Amino acid sequence: MTWIDAIIIAIVEGITEFLPISSTGHMIIASSLLGIGNDEFTKLFEICIQLGAILSVVVLYWKRFFDIKRLDFYLKLIVAVFPALVFGYLFSKKIDEFLESPFTVAMTLLIGGVVLLFIDKLFSNNTIDREESLSYKKSFMIGLWQVIAMIPGTSRAAATIVGGMQQKLTRKFAAEFSFFLAVPTMVAATGYKLLKALKEHPEMLKDKQNLALLGVGNVVAFVVALIAVKTFIAFLQKNSLKAFGVYRIIAAGAIFLLMYMGLIN
């Protein structure tokens, strides 16, 4: 992986992490086009730089994250993240296999795109718009929806936003809860991936170049994600999710075309 490769993938991550279009899917396609998709360090890099993007949410919503009086808020996040921790641990090997498949990305982008075309019509009378009105049961159900996002191309943001709206959250609050839920989820995923890398490929994290690439990747993803989150929330206040559905369908078609042309494997 070169410095240019790292910056490109980090920009892709920062833009797509909080949009319902799959950051992992876009990074898999980007790394495939760059010719580094099968490299073990690339796979580690794609997971670890998500932490930089996630930290942008902590910065933007720091007053809500660090209010120790809001114990209920933290408990709901724990309940919501629990399903992903369990399923991620049990099926980590199968997930790693999916991470190597552009075909999987294209199919899930397509299916998710069709869902987003109609999601606003399906859940048009939602009323839950604040954390105090969100029950533990609904938090857990949203967590179950997040499990679906372990399939690349699904999009963790899309799964949790759809899950939130299915549980009667407004579109804006569903997106915000998706942001909050991303923090413990990605901290756990990054920590697990790093520990696994230390055990199976310790040489990767002893290489100063690799550590520098991870550092730069996280910084770039953080800065780009700050802009993306603000833009996304502003967009959702005035528009539906239909545009993202259309984008996903077009992106899926483009990936299938690239595969047919042999430009990605």
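Need the failing condition index for Pro184 against (1) under 14 Å from Gly52 (Cα atoms); (2) outside any helix (DSSP H, G or I); (3) not hydrophobic (A, V, I, L, M, F, W, C), just the number.
Only one criterion in (1) under 14 Å from Gly52 (Cα atoms); (2) outside any helix (DSSP H, G or I); (3) not hydrophobic (A, V, I, L, M, F, W, C) is unmet by Pro184, namely (2).
Per-residue answers, yes or no, for (1) in contact (Cβ under 8 Å) with a residue 60 or more places away in the chain; (2) in contact with a His (Cβ under 6 Å, 6 or more places away or on another chain); (3) among the aliphatic types (A, V, I, L, M):
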site	(1), (2), (3)
Val147	yes, no, yes
Ser155	yes, no, no
Gly191	no, no, no
Leu195	no, no, yes
Met204	yes, no, yes
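For the range 191-234, which positions are of a type in the set (D, E, K, R) and over 24 Å from Ser56 (Cβ atoms)? Steps first, please.
Narrowing the range 191-234 to residues of a type in the set (D, E, K, R): 193, 196, 199-200, 203, 206-208, 230.
Those that are of a type in the set (D, E, K, R) and over 24 Å from Ser56 (Cβ atoms): Lys196, Lys199, Glu200, Glu203, Lys206, Asp207, Lys208.
I want to confirm something. Restricting to the range 40-64 and keeping residues that are more than 13 Å from the chain's Cα centre (by Cα) and under 23 Å from Leu109 (Cβ atoms), which single residue is surrounded by the fewest Cβ atoms within 10 Å (Cβ to Cβ)?
Lys43
Can you tell me which residue among Lys76, Lys137, Lys69 is basic (Lys, Arg) and within 23 Å of Ala189 (Cα to Cα)? So that I can check it myself, show each step before the final result.
Numbers: Lys137 fails: within 23 Å of Ala189 (Cα to Cα); Lys69 fails: within 23 Å of Ala189 (Cα to Cα).
One residue alone meets the criteria, Lys76.
Are any residues in the range 217-265 within 25 Å of Cys48 (Cα to Cα) and β-branched (Val, Ile, Thr), and if so, which ones?
The answer is Val219, Val220, Val223, Val224, Ile227, Val229, Thr231, Ile233, Ile255, Ile264.
Yes/no per residue for (1) touching a residue at least 24 places away in the same chain (Cβ under 8 Å); (2) in a helix (DSSP H, G or I):
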site	(1), (2)
Val224	yes, yes
Lys230	yes, yes
Ala243	no, yes
Tyr247	yes, yes
Leu263	yes, no
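Of the residues Lys199, Lys206, Lys238, which single one is closer than 25 Å to Asp5 by Cα and either surrounded by fewer than 21 Cβ atoms within 10 Å (Cβ to Cβ) or touching a Phe, Trp or Tyr at 6+ places or on another chain (Cβ under 6 Å) (or both)? I'd like the intermediate steps shown before the answer.
Working: Lys199 fails: closer than 25 Å to Asp5 by Cα; Lys238 fails: closer than 25 Å to Asp5 by Cα.
The conditions single out Lys206.
Would you check if there is a residue in the range 163-174 being buried (at least 24 other Cβ atoms within 10 Å of the Cβ) and within 24 Å of Leu90 (Cβ to Cβ)? So that I can check it myself, show each step before the final result.
Let us first name the residues in the range 163-174 that are buried (at least 24 other Cβ atoms within 10 Å of the Cβ), namely 163-165, 169, 174.
In the following step, the residues that additionally are within 24 Å of Leu90 (Cβ to Cβ) were identified as 163.
Among the residues of the range 163-174, at least one is buried (at least 24 other Cβ atoms within 10 Å of the Cβ) and within 24 Å of Leu90 (Cβ to Cβ), which makes the answer yes.
With respect to Gly88, determine if the residue is surrounded by 16 or more Cβ atoms within 10 Å (Cβ to Cβ), in contact (Cβ under 8 Å) with a residue 12 or more places away in the chain, under 24 Å from Lys168 (Cα atoms) and within 16 Å of the chain's Cα centre (by Cα). Give the derivation first.
Numbers: surrounded by 16 or more Cβ atoms within 10 Å (Cβ to Cβ): yes; in contact (Cβ under 8 Å) with a residue 12 or more places away in the chain: yes; under 24 Å from Lys168 (Cα atoms): no; within 16 Å of the chain's Cα centre (by Cα): yes.
No; evaluated as a whole, the condition is false for this residue.
Throughout, read-outs are computed from the coordinates displayed, never taken from laboratory work. This structure is a prediction, so every number in the text was calculated from the model and none was measured. In this analysis, Cβ positions are derived from the backbone assuming ideal geometry, glycine residues included, and neighbour counts consider all displayed protein chains.
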